[in-house]
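The values are calculated or read from the model by the stated rules, or taken from the named source; none is laboratory data. A quick note: this is a predicted structure, and the numbers were derived from the prediction, not measured. Cβ sites come from the backbone with ideal geometry, for glycine too, and all protein chains shown count toward neighbours. With ligands, DNA and RNA removed, areas are computed over all heavy atoms of the protein, side chains included. Shrake-Rupley method; radii C 1.70, N 1.55, O 1.52, S 1.80 Å.
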Amino acid sequence: MIDVLVIGSGGAGLTAALKAKELGSKVLVVSKTYPTHSQTCQAQGGINAVLKEDQQDSVENYINDTYKASHKLGKIENIKFFCEKSKETITWLDSIGVPFSRDENANIAQRKFGGTKAKRTCYSSDYTGLKILHTLYDQSIKNSIDFLNEHILLELLVKDSKVNGAIFLNIENSKIIQIEAKSIILATGGYSGVYHQYTTNSYSSTGDGIAAAYRAGAKLSNMEFIQFHPTSLEGKNILISESARGEGGYLVDSKEQRFIDELRPRDEVARAIYKKQHQGDKIYLDLRHLGLEKIEAVMPQERKLVYDFMKLKMEKDLIPVSPSAHYTMGGILTTIDAKTTLENLYACGECAQSGIHGANRLGGNSLLEIVTFGKIAGENAAKNSKNKETVEVEKIRVQEIKKEIEEILKKECKTSFYSTKNELGKLFFNNVGLFREKKKMQKALDYLENKKEEIENLGVADKSKIHNKNLIELLEFKNIYLIAQLIVKSALKREESRGAHYRVDFENEKEAFDKISISIKKEENIEILFEEIV
Amino acid sequence: MKIKIKRYNKEKNEQTTIEEYSVNHNETILNSLIEVKTKYDNSLGFRCGCKSGVCGSCAIRVNGVEKLACKTHLEDEDLIEPIKNTEVLKDLIVSLHHEESLLKIGHTFLNSNSLETITKEDEKKIDRQSNCILCQSCYSSCPVYEVNKEFLGPYTLTRALRYVNDKKESAPLEILKNIQTNGIWDCTLCGYCTIACPQFIDPKSDIMSLRMKSVQNGFEDKSLSAFNSSFDLGFNNDFGFNPNGF
Ligand SMILES: Cc1cc2nc3c(=O)[nH]c(=O)nc-3n(C[C@H](O)[C@H](O)[C@H](O)COP(=O)(O)OP(=O)(O)OC[C@H]3O[C@@H](n4cnc5c(N)ncnc54)[C@H](O)[C@@H]3O)c2cc1C
Ligand code: SF4
Ligand code: SF4
Ligand code: FES
């Protein structure tokens, strides 16, 4: 019997697995991609920590900055824990082999990132996420962690609010399997994939784990908060990191005029760009004045990206940019112990709402979160499994799910969902994106409601069993469809502006909304509530 | 613009076929593949993730050369095929089951921390090798791996050097020991892996460094004997016998 079942093999999942294994648990990691294909590899900028307290920086400053960015929706106790542990977390990563860049004095180098004046962000050249993820993978191999790759989570097994396992589809052969475990950790990443074709995220970020937790009855929280990054390559949705502006880059319109202080918070800059574009203008990142030498020295990777994907040279050309959905603050509600509202179920990483980011996330805080809470989840899941002999699970659900998948495969495929997925992405970017208002959001909601029947009856053209990506994408799309409803319903209810959630019809922050939103399943309906932060 | 794709679906047909499609999107081959899948044939199989050249999942061959689909422009009539030297599961999707076991044999991880101070220069030494995205392009191009699936191969050996050269590693000998058999001495130094690598990693030079380090640390220089046995390589697989495999 498995003690700790980890679902997802990005930075959060691998950290949790390593910790649980260290504590003597029997661990299995199941994931829909190979570990190193996980989105964590895309993080370029870095990971925050206060390594030394001096006039420059202190843990207290870090706590304040994080809480301020959260617009009062972060939980002080959790933020405190997170920031106080930051040095220990980085030291651990360093000790297992993450090759952090060093400064002249052989200390881990740190740079400035948005939302703070201090140099607080540790990095590994421009490949911080890649190097962290691969180091964690190497350690997983060293510690003989068992992997089941390319297995997609379909549903959690739950009885009397206790989770005892999960059902997966093996992508390689379409077989449905049930895995029982004493503790289950969800580490399945975020849901920016709702904004399909308008996101910097990996194609896998479809919120599957969050959707499964919701269906199992867990409380989700703050689903309306989505961070849009101001500068992704136009039409490509590839991120150009904040460091481009940090190093002195300008944002200009088609008349080559600057129109905003480039170093304002992400959400403000993103909104200014979106507004201009909406008026028919084009926006560019202008780095020409920095010169080739400086560009080569401080952002070689970015320069390569721009050249590879746009055939443009940073030192000579204007780079067309636009905002994209980048990070999702909402997710499965967790405590400081990484516990969800269901027994035996833990969550960590971008799929969790762990009380850190609130209405907005600071750049560099997500990588720290996945490792900090990955460890906590691993530890508590291991402890939880210690006092159990075995768990009892029924076999009915797995039979039902087998039937459901067979039905989908049998169905005649009248319409392909790919165009609906594009349509939904675009609609959400425009109507439930950077600027929100009741009328537009209602339209998005109506769209979803009109599509209900069509989506329930979707089939796939590919009937094969081996690597049926068509089927996988349909299952993912159904999750996107569910999450989209949660986003828009929460956003409609939050009649104020706060952090990344900006409402044209309610432009101010309201004390009455100093609360987290909760999405929960009540019978077959979505219920949205607000809860005090305690 | 035309794109030709090598298709294989063993449930339908044991044979591979080459299908031609016309596409509007050619900014990247990945865009073209997505267009083919969503417009003409929903069953087209390929992997992708980050669309920005870091997750390593989209490696394919374009007119015989390994490329990342998400970073390569489509030219008219390009032939897209799966990468080589591993089983094709469906269309452009290949088996990756070997990865974990090869890395495990190579001991390519930090065995034990030396707790030494790491300087800027120390970190630079392993920077390039630690940029590997495990895209498998180098394995696809490697003629030795083609005939000997026990050969540890370019990315495992590059990763070995990444840890051997890491001042944090207090037991580099442990890693060197694990790459003597089916490892550094089996490589013919042909350099194909270096050409194939989208991250500008140079596994061939890394293997040469590892040879030097091995000899310095008292391991036998097997470059000559490896040269002799390399004549038999083409037959090894067929007979299930591997002269370098003891
Ligand atoms: C371009 C980019 C740049 C970024 N830069 C930074 C930065 O500089 N600093 C920072 O702090 N943060 C950054 N972030 C954010 C940060 O990278 C992510 O929030 C973080 O990596 C998420 O890690 P995770 O482990 O929670 O999830 P992921 O890395 O997304 O992993 C999710 C895992 O779950 C698996 N999974 C998903 N669904 C299923 C399912 N149904 N069944 C089974 N398995 C499933 C996936 O296969 C994957 O293995 C960036 C993000 C992007 C996109
Ligand atoms: S140089 Fe060696 S490892 Fe690289 S492709 Fe040639 S034989 Fe393979
Ligand atoms: S060494 Fe280069 S080609 Fe080989 S897997 Fe790594 S990144 Fe890919
Ligand atoms: S899609 Fe990730 S490397 Fe191409």
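Check whether at least one residue in region B:215-226 is of a type in the set (A, V, I, L, M), closer than 20 Å to B:Ile105 by Cα and modelled with pLDDT of 95 or more, and report yes or no.
no
Would you mind stating whether A:Lys159 is of a type in the set (Lys, Arg) and modelled with pLDDT under 95?
So A:Lys159 fits the description; yes.
Go through B:Val144, B:Val164 for me and flag whichever is open to solvent by 10 Å² or more (accessible area, probe 1.4 Å) and either in the same structural domain as B:Phe109 (by the TED database) or more than 24 Å from B:Cys70 (Cα to Cα) (or both).
After ruling out the rest, the residue left standing is B:Val164.
Given the structure, is A:Lys19 among the charged types (D, E, K, R), open to solvent by 20 Å² or more (accessible area, probe 1.4 Å), more than 16 Å from ligand 3 (Cβ to nearest atom) and within 14 Å of chain B (Cβ to nearest Cβ)?
Here the answer is no, as A:Lys19 does not meet what is asked.
Within the group A:Ala352, A:Ala338, which residue is under 13 Å from the mean Cα position of the chain (by Cα), in contact (Cβ under 8 Å) with a residue 24 or more places away in the chain and open to solvent by less than 10 Å² (accessible area, probe 1.4 Å)?
Sole residue among the options that is under 13 Å from the mean Cα position of the chain (by Cα), in contact (Cβ under 8 Å) with a residue 24 or more places away in the chain and open to solvent by less than 10 Å² (accessible area, probe 1.4 Å): A:Ala352.
If B:Leu134 satisfies all but one of (1) assigned to a loop (DSSP other than H, G, I, E, B); (2) over 30 Å from B:Lys37 (Cβ atoms); (3) facing another protein chain (nearest Cβ under 10 Å), what's the number of the condition it fails?
Condition not satisfied by B:Leu134: (2).
Let's see how each residue does on (1) touching a Leu at 6+ places or on another chain (Cβ under 9 Å); (2) within 30 Å of A:Ser385 (Cα to Cα); (3) of a type in the set (D, E, K, R):
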residue: A:Val252; (1), (2), (3): yes, no, no
residue: A:Gln257; (1), (2), (3): no, no, no
residue: A:Tyr274; (1), (2), (3): yes, no, no
residue: A:Leu285; (1), (2), (3): yes, no, no
residue: A:Lys304; (1), (2), (3): no, no, yes
residue: A:Leu318; (1), (2), (3): yes, no, no
residue: A:Gly331; (1), (2), (3): yes, yes, no
residue: A:Ile336; (1), (2), (3): no, yes, no
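Looking at region A:151-167, is at least one residue at the interface with chain B (Cβ under 10 Å from one of its Cβ atoms) and of a type outside the set (Lys, Arg)?
no
For the subset of region A:45-103 comprising residues that are within 14 Å of another protein chain (Cβ to nearest Cβ), touching a helix residue (DSSP H, G or I) at 6+ places or on another chain (Cβ under 7 Å) and of a type in the set (Gly, Ala, Ser), which member is nearest to A:Gly330 (Cα to Cα)?
The selected residue is A:Gly45.
Identify, please: which residue in region B:206-224 is away from ligand 3 (no atom under 16 Å from the Cβ) and either in contact with a helix residue (DSSP H, G or I) (Cβ under 8 Å, 6 or more places away or on another chain) or under 12 Å from B:Leu189 (Cα atoms) (or both) and is, among those, nearest to the other protein chains (Cβ to nearest Cβ)?
If we take residues in region B:206-224 being away from ligand 3 (no atom under 16 Å from the Cβ) and either in contact with a helix residue (DSSP H, G or I) (Cβ under 8 Å, 6 or more places away or on another chain) or under 12 Å from B:Leu189 (Cα atoms) (or both), then B:Lys213 is nearest to the other protein chains (Cβ to nearest Cβ).
Testing B:Asn85 on (1) under 23 Å from the mean Cα position of the chain (by Cα); (2) of a type outside the set (Phe, Trp, Tyr); (3) within 16 Å of ligand 4 (Cβ to nearest atom), one condition comes back false. Which one is that?
Of everything listed in (1) under 23 Å from the mean Cα position of the chain (by Cα); (2) of a type outside the set (Phe, Trp, Tyr); (3) within 16 Å of ligand 4 (Cβ to nearest atom), B:Asn85 misses just condition (3).
How many of the residues in region B:167-205 are under 20 Å from B:Cys138 (Cβ atoms), out of contact with any helix residue (DSSP H, G or I) (no Cβ under 6 Å at 6 or more places or on another chain) and outside any loop (DSSP other than H, G, I, E, B)?
Selection size over region B:167-205: 2.
Taking region B:34-82 as the search range and keeping residues that are closer than 25 Å to A:Ser205 by Cβ and among the β-branched types (Val, Ile, Thr), which one is farthest from the chain's Cα centre (by Cα)?
Here the residue is B:Thr38.
If you go through region B:32-73, how many residues are free of Cβ contacts under 8 Å to residues at least 24 places away in the same chain and within 12 Å of another protein chain (Cβ to nearest Cβ)?
Going through region B:32-73 one residue at a time, the tally reaches 13.
Take B:Thr158 and tell me if it is within 14 Å of ligand 3 (Cβ to nearest atom), of a type in the set (Ser, Thr, Tyr), farther than 21 Å from B:Glu100 by Cβ and not in a loop (DSSP other than H, G, I, E, B).
When the stated conditions are applied, B:Thr158 does not pass them.
Do any strands (runs of 3 or more DSSP E) lying entirely in region A:168-281 carry at least 1 residues that are within 14 Å of another protein chain (Cβ to nearest Cβ), within 16 Å of ligand 4 (Cβ to nearest atom) and at pLDDT below 95, and which ones are they?
Where strands (runs of 3 or more DSSP E) fall fully within region A:168-281 and carry at least 1 residues being within 14 Å of another protein chain (Cβ to nearest Cβ), within 16 Å of ligand 4 (Cβ to nearest atom) and at pLDDT below 95, they are A:226-233.
Which members of region B:23-41 meet the condition of being at pLDDT below 95 and either within 16 Å of ligand 2 (Cβ to nearest atom) or open to solvent by less than 20 Å² (accessible area, probe 1.4 Å) (or both)?
Listed by number, the list holds a single entry, B:Thr28.
With respect to the numbered conditions (1) in contact with a strand residue (DSSP E or B) (Cβ under 9 Å, 6 or more places away or on another chain); (2) in contact (Cβ under 8 Å) with a residue 60 or more places away in the chain; (3) farther than 28 Å from A:Val534 by Cβ, which one is the sole condition not fulfilled by A:Cys41?
It fails just one condition, (1).
Mind checking which residues of region A:320-332 are within 10 Å of A:Ser232 (Cα to Cα) and open to solvent by less than 10 Å² (accessible area, probe 1.4 Å)?
Passing the criteria: A:Val321, A:Pro323, A:Ser324, A:Ala325.
What number of residues in region A:361-391 are outside any helix (DSSP H, G or I), within 30 Å of A:Tyr123 (Cα to Cα) and open to solvent by 20 Å² or more (accessible area, probe 1.4 Å)?
So the count comes out to 1.
Do the conditions hold for B:Cys55, that is, is it closer than 27 Å to B:Glu150 by Cα and buried (at least 21 other Cβ atoms within 10 Å of the Cβ)?
yes
For residues that are open to solvent by less than 20 Å² (accessible area, probe 1.4 Å) and under 25 Å from A:Ala484 (Cβ atoms), scanning just region A:393-408, find the one that is farthest from the other protein chains (Cβ to nearest Cβ).
Ranking the qualifying residues of region A:393-408, first place goes to A:Ile401.
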